[in-house]
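One structure is given below, encoded as structure tokens.
The values are calculated or read from the model by the stated rules, or taken from the named source; none is laboratory data. Since the model is a prediction, treat every value here as computed from it, not as a measurement. Glycine also receives a Cβ, built like all others from the backbone with ideal geometry; neighbour counts cover every protein chain displayed. Remember, those area values only see protein heavy atoms, side chains included, never the ligands or the DNA or RNA. Shrake-Rupley method; radii C 1.70, N 1.55, O 1.52, S 1.80 Å.
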Amino acid sequence: MRKLLLLLALCLAGAASLASAAAAEPRYTVVKIDVRKERLELFLRDDSGAPFKRLDRLEAWLAARNRQLVFAMNAGMYHADFSPVGLLVQEGREEAPLNLAAGAGNFFLKPNGVFLVSDAGPRVVESSEYAALPKEGVRLATQSGPLLLRRGVVHPAFIPDSDSRKIRNGVGVSGHTAIFVISEQPVNFYEFALYFRDVLHCRDALYLDGTVSALHSLALRRSDFTRELGPILGMAVP
């Protein structure tokens with residue numbers, strides 16, 4: 001009986017500790033993926049060429065192939081036909097070219113950037129820097145904008161007290177780990193960048209999108225639907 005009571009006390013203490021940790025930063029959900037152990041993929045269209053548009057449709061498509069979607073997040077900005085605005089590389093194939101044009105909107109708020117996974121690991125680079133990189137070994141890449149952080153420096157256009165607050169998502173890099181973040185409350189660009197820099201200790205981070213931001217996490221028993229999506233970053237097993 002004493003052993004049972006002790007076990008129960010330990011379980012309650014552990015649950016209290018986890019609840020405290022979860023409540024410590026209620027504004028963000030973070031998913032970390034070590035690319036040495038786990039394989040990220042980029043998804044856009046099914047076998048018929050139709051865009052997935054939704055995380056649950058991607059989940060069902062993978063399940064029909066005896067694969068389970070463990071993690072997924074919208075992967076960058078897209079046109080009305082769901083095609084990517086900028087670079088998209090899937091399994092080493094360039095499906096959409098790098099976009100260095102000027103324009104209006106968040107994607108074109110320079111510097112913008114590219115999240116990529118190569119033989120050397122994950123990276124976030126400025127878009128023109130990607131153009132100069134050797135492409136051998138680049139397995140996946142997605143372009144978006146603006147960069148949140150570049151070598152530890154917050155994007156110069158961000159305003160600390162901006163009232164432009166949205167649910168946002170992005171990706172940063174630390175060593176061999178890709179760090180995906182979605183805000184659970186509306187935040188501005190500056191606050192979002194500081195979270196990557198000061199809490200997650202990333203030097204480079206890229207904004208993926210806002211308002212449409214969505215997360216699928218098997219561990220969290222969560223699969224969001226906000227709006228239909230373009231490219232999707234995901235991890236599936238086996």
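Values computed for the structure shown
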| item | result |
| --- | --- |
| FRET efficiency, Asp47 to Thr211 (Cβ-Cβ, R0 25 Å, nearest 0.05) | 0.25 |
| GluC sites (Glu not before Pro) within the stretch 121-160, DSSP loop, no more than 14 other Cβ atoms inside 10 Å | Glu136 |
| Ordering of 28-37, 116-125 by packing [mean C-beta count within 10 Å, highest first] | 116-125, 28-37 |
| 30 Å Cα cut-off, lysine pairs counted over the chain (separation 8 or more, or different chains) | 11 |
| Accessible-area ranking of Arg150, Arg39, largest first, probe 1.4 Å | Arg39, Arg150 |
| Relative contact order (%) - criterion: Cα under 8 Å, at least six apart; region: the stretch 118-238 | 27 |
| Relative contact order [Cα under 8 Å, 6+ residues apart], the chain, whole percent | 29 |
| Per-residue HN-Hα couplings for the stretch 80-90 [Karplus 6.51, -1.76, 1.60; θ = phi - 60°; Hz; x = Gly/Pro] | 4, 8, 6, 6, x, 6, x, 4, 9, 10, 10 |
| Shape box of the stretch 171-238 [Cα atoms, principal axes, largest first, Å] | 31, 29, 22 |
| Cα-based Rg / Dmax (Å) for the stretch 123-213 | 13.1, 42 |
| Between 0 and 90°, nearest 10: helix 2-24 axis offset from the chain longest Cα axis | 30 |
| Added length on full extension, which subtracts the Cα-Cα distance from 0.36 nm per residue, Arg39 to Glu94 | 18.0 nm |
| For the chain: Kirkwood Rh in Å [reciprocal of mean 1/r, alpha carbons] | 18.5 |
